[in-house]
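Beneath this line is the structure, given in structure tokens, with notes to follow.
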Amino acid sequence: MKLRFGLFALAITASAAAADTPVNLTLSGGNPGGLWSLLGAGIDRAARMENANSVVTYQATGGGFANIALLSQSRTDLGLVHDAEVQIALAGEEPFTAPVTNMRAIGYMYNWAPMHFFLNRQIAEQYGITSLDDIATSGAPLRIGINRPGNITANVALGMMEAAGATAALIEGNGGQIVRAGANDQADLLRDGRIDMVTNGVFVLHSSFRAIDENNEVVLLTIPSEAATAAAETFGLTQFVIPGGSYRFQPDDIDTLALGAMLVTHEDTSEEQIYELTRALLSQIDEVRAVHSSMAALDRALFASQELLPYHPGAERALREAGLLQ
């Protein structure tokens, strides 16, 4: 009887010690001051709320592609990545030279960053362009802003346009141009009349989109379902509806595709560390939601909804214990 009690007490002690294990991990995110750096702060706070000795150290990088490269070499513990970037990495497509197979999921952070295609209203009316596939038949010499190489929204924008028949070759053949510029630069170029169209994938009514809507006469192009379906398969994206009335000259709902962000790790990261982190994120999810108003829709069900990657064993254990995985 005493032996049984002793073993029971030992099990309780071991369990308590495991529950008290502090998290000490490095998280690779994006540019300082951006949403991903805020998410990094929220993830760190969630870990500290569970254990005051925990720390998630944020390191700024060039973004999701850079983070996947670091994870593939086990040079970081955690990374924020777009779901479309994961799809590209799994296929071993550019910028990767071979499939990246060691990534493991912890959870989804958001999946509501829809692709927007804003076109100068006068040009849209002149050439009868209301949909992305109208570009291919309009003959319009459009100067189209596409994000810089290495930014996933550039890949997605070009992929969606190509699926709608608006290839770069066709645009240039019509006398148009693909102009590479970041989101803020695109807004300035549109305002100054140096481009006709802006493409990007961030949240509805994001500050950059509000500036475009308020300072320019633009329409939001619709996306043909065939092009959306083809691009969704290519990039692993989800369907999304931009509600009608979100922007001044957008009376109707717009069906498009949305980028999402995932928190991932690699297969060699400590199971106990990832378990403790995942458990902390689930119990302290309000700390992550609080980093920005755009994160208000994050909940435990969404966190456990990704299907692109196998879960890390530590994350899977925490999600199963929380009843979020079968």
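Scan segment 260-275 for residues that are out of contact with any Asp or Glu (no Cβ under 7 Å at 6 or more places or on another chain) and either buried (at least 20 other Cβ atoms within 10 Å of the Cβ) or under 23 Å from Glu85 (Cα atoms) (or both) and jot them down. Result: Ala261, Leu263, Val264, His266, Glu267, Asp268, Gln273, Ile274, Tyr275.
Restricting attention to segment 54-65, does a residue exist that is within 23 Å of Phe235 (Cα to Cα), crowded, with 23+ Cβ neighbours inside 10 Å, assigned by TED's automatic domain parsing to the domain that holds Glu307 and among the polar types (S, T, N, Q)?
Quick first cut of segment 54-65, residues within 23 Å of Phe235 (Cα to Cα) only: 61-65.
Subsequent filtering for residues that are crowded, with 23+ Cβ neighbours inside 10 Å retains 64.
With assigned by TED's automatic domain parsing to the domain that holds Glu307 added as a condition, the list becomes 64.
Okay, now just the ones that are also among the polar types (S, T, N, Q), so none.
Looking for residues that are within 23 Å of Phe235 (Cα to Cα), crowded, with 23+ Cβ neighbours inside 10 Å, assigned by TED's automatic domain parsing to the domain that holds Glu307 and among the polar types (S, T, N, Q), one finds none in segment 54-65, hence no.
Can you tell me how many residues within segment 198-245 are buried (at least 16 other Cβ atoms within 10 Å of the Cβ) and among the hydroxyl-bearing types (Ser, Thr, Tyr)? Residues that pass the stated criteria total 4. Condition test on Val202, is it over 24 Å from Glu125 (Cβ atoms), within 21 Å of the chain's Cα centre (by Cα) and β-branched (Val, Ile, Thr)? Yes, satisfied. Of the helices (runs of 4 or more DSSP H) lying entirely inside segment 103-190, those carrying at least 2 residues that are surrounded by fewer than 17 Cβ atoms within 10 Å (Cβ to Cβ), small (Gly, Ala, Ser) and over 25 Å from the mean Cα position of the chain (by Cα) are 168-173. Elements of the type helices (runs of 4 or more DSSP H) sitting completely within segment 197-315 and holding at least 1 residues that are assigned by TED's automatic domain parsing to the domain that holds Ile129, modelled with pLDDT under 95 and over 23 Å from Gly29 (Cα atoms): these cover 207-215, 225-235.
Would you say Ala98 is assigned to a loop (DSSP other than H, G, I, E, B) and either modelled with pLDDT of 95 or more or charged (D, E, K, R) (or both)? Write out each step before concluding.
Working: assigned to a loop (DSSP other than H, G, I, E, B): yes; either modelled with pLDDT of 95 or more or charged (D, E, K, R) (or both): yes.
The answer is yes for Ala98.
Evaluation of Ala89 against the conditions (1) hydrophobic (A, V, I, L, M, F, W, C); (2) without any contact (Cβ under 8 Å) to a residue 40 or more places away in the chain; (3) surrounded by fewer than 20 Cβ atoms within 10 Å (Cβ to Cβ) shows that the sole unmet condition is (3).
For segment 243-287, which residues satisfy the criterion of being within 18 Å of Gly34 (Cα to Cα) and touching a Phe, Trp or Tyr at 6+ places or on another chain (Cβ under 9 Å)?
Scanning segment 243-287 gives Leu259, Gly260, Ala261, Met262, Leu263.
Only residues that are among the basic types (Lys, Arg) and touching a residue at least 40 places away in the same chain (Cβ under 8 Å) were counted in segment 193-242, giving 1.
Just one of Thr153, Thr137, Thr130, Thr199 is more than 21 Å from Tyr247 (Cα to Cα) and among the hydroxyl-bearing types (Ser, Thr, Tyr); which is it?
Numbers: Thr153 fails: more than 21 Å from Tyr247 (Cα to Cα); Thr130 fails: more than 21 Å from Tyr247 (Cα to Cα); Thr199 fails: more than 21 Å from Tyr247 (Cα to Cα).
Just a single option satisfies the conditions, and that option is Thr137.
Counting only residues that are in contact with a strand residue (DSSP E or B) (Cβ under 9 Å, 6 or more places away or on another chain) and of a type in the set (S, T, N, Q), segment 278-298 holds 2 of them.
The values are calculated or read from the model by the stated rules, or taken from the named source; none is laboratory data. Worth saying up front: this structure is predicted, and the values here are computed from it rather than measured. A quick note on method: Cβ atoms are made from the backbone with ideal geometry, for glycine too, and the neighbour counts reach across all protein chains shown.
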